[in-house]
Amino acid sequence: MVAPIYLSTTYGFDGLEGRGPYDYSRSGNPTRQQLIAVLVGLEGGAGGDATNTGMAAVNVLAHRVLRQGDTVFAPHDCYGGTWRVFNALANSGFVQVEFVDLTQAAAYHLISVRRPALVWVETPSNPLLRITDIAAVTEAAHEAGAVVAVDNTFLSPVLQRPLELGADYVVYSTTKYTAGHSDVVGGAIIAARPNDAEQIHWWCNTLGATAGPFDSYLTMRGLRTMPARLAVHNANAEYLVAAIAGHPALTALYWPGLPSHPGHDLAARQADGFGAMVSIDVGSHQAAVALCDGLELFTVAESLGGVESLICSPATMTHAAMPPEVQEAAGITPGLLRLSVGIEDAADLAADLLAGLERAAALRG
Ligand code: PLP
């Protein structure tokens with residue numbers, strides 16, 4: 001029932017002319033291969049690779065797609081680490097990067113004018129959970145000759161399958177919902193077409209970005225419960241949002257499942273669930289501190305997608321790599337808190353957060 005973990009770094013040849021399916025573990029490993037096969041199957045892709053981190057997946061994709069002088073379009077509120085990669089590539093003069101709001105139709109026109117080589121999509125976006133129309137952006141990008149990669153970390157293939165919507169690549173931090181237990185860092189890239197899949201594997205091997213066997217095993221163990229976990233994550237998020245909506249300490253509540261969310265209809269159309277990432281704004285950094293100090297179930301921590309509930313301040317934690325003016329343009333305020341809703345008892349989670357909101361409200365007087 002459980003696949004073995006192949007720790008061997010090297011594999012014996014059957015004589016000088018007898019190369020087997022595996023020779024060296026960076027290039028190929030049976031445990032990793034099992035993981036890749038499952039991930040590719042879930043996405044309906046042609047192939048891909050599992051990487052040692054989500055950021056390695058981002059970098060491999062950049063190496064595969066980008067050439068000197070190319071233009072990259074990325075969401076203005078993309079994950080801070082991804083922002084740092086594209087920004088660094090631009091600063092070194094390798095590419096130009098434009099951080100745009102891909103949720104607005106005006107971006108499609110910009111794509112047709114600037115003709116980027118790569119359009120990077122994250123939906124729901126991090127941390128404001130804006131929804132981008134994957135099929136529409138892909139159509140505009142393809143018309144302009146661009147390749148589309150979707151970072152699907154926030155929803156997982158259980159809830160959203162970008163390749164089915166036309167994207168060329170789907171990218172993951174498998175650290176999050178895929179592995180799901182906050183005990184392994186990893187990533188993956190799945191390509192829609194066989195040639196791209198081969199190239200992804202070539203770059204993973206060349207850059208030394210492939211996932212190790214034990215990490216692959218842990219990720220596969222997490223995958224077994226991914227649909228069951230996501231059902232509880234989603235239900236808990238819905239319960240929590242209903243419990244806190246309208247609280248006087250809140251200046252904003254972001255969750256695509258809310259009918260008032262600008263991307264609600266689109267999210268309902270293109271995904272099979274709204275996910276368990278919820279962001280709230282309590283108006284100031286001081287109010288955010290008051291809310292977090294005293295939480296019992298939510299842990300103040302970076303990352304997301306594990307079974308435990310986490311809360312973080314994007315401005316000072318996940319998105320700290322962005323300078324203040326860039327944060328402001330992306331709508332990342334000092335009072336913003338991002339919640340990764342876990343699978344604990346929903347009523348307990350709501351009570352914990354409501355107590356925090358009371359502390360924030362008391363501070364604001
Ligand atoms: N993409 C998204 C949306 C993320 O949230 C993260 C990490 O938080 C990454 C990529 C990077 O993944 P990793 O931390 O596994 O390198």
Would you mind working out the magnitude of the charge dipole of the stretch 226-364 relative to its Cα centre, with +1 at each Lys and Arg C-beta and -1 at each Asp and Glu C-beta, to the nearest 20 Debye? 220 debye
Mind checking which of Ala249, Ala347, Ala146 has the largest fluctuation in a GNM of the chain, springs on alpha carbons under 10 Å? Ala347
222 nm [θ] for the chain, helices only, -39500 (n - 2.57) per DSSP H run of 4+, per residue, to 500? -12000 deg cm²/dmol
With Cβ to Cβ distances under 11 Å as the rule, what net charge do the other residues near Ala276 carry (K, R +1; D, E -1)? +1
Mind checking which of Glu17, Glu325, Glu296 has the largest fluctuation in a GNM of the chain, springs on alpha carbons under 10 Å? Glu17
Work through the residues other than Glu296 whose Cβ is under 9 Å from its Cβ and net out their charges, Lys, Arg +1 and Asp, Glu -1. -2
If you bin the C-alpha pair distances of the chain every 10 Å from 0, what whole percents do you get? 5, 25, 33, 23, 11, 3, 1, 0
Could you tell me which of rounded, prolate or oblate describes the stretch 30-223, using a ≥ b ≥ c as the square roots of the eigenvalues of the alpha-carbon gyration tensor, with rounded for a/c under 1.5 and, failing that, prolate when a/b is larger than b/c and oblate otherwise? prolate
The stretch 226-364 - Rg and Dmax from Cα coordinates, angstrom: 14.4, 40
Along the charge dipole of the chain, Cβ charges K/R +1 and D/E -1, which of Thr53, Gly15, Phe73 sits furthest on the positive end? Gly15
How would you rank 169-180, 1-12, 72-83, highest first, on the average number of other Cβ atoms within 10 Å across their residues? 169-180, 72-83, 1-12
Point-to-point label distance, His63-Thr251, nm (Cα→Cβ direction, 7 Å offset): 4.3 nm
Of all DSSP beta bridges in the chain, what percent run antiparallel (nearest 5)? 60 percent
Work out the length of the dipole vector of the chain about its Cα centre, built from +1 on the beta-carbon of each Lys and Arg and -1 on the beta-carbon of each Asp and Glu, and round it to the nearest 20 debye. 440 debye
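Readers should treat all values here as calculations from the given coordinates under stated rules, not as data from a laboratory. For clarity, every value in this text was computed on a predicted model and none was experimentally measured. A quick note on method: Cβ atoms are made from the backbone with ideal geometry, for glycine too, and the neighbour counts reach across all protein chains shown.
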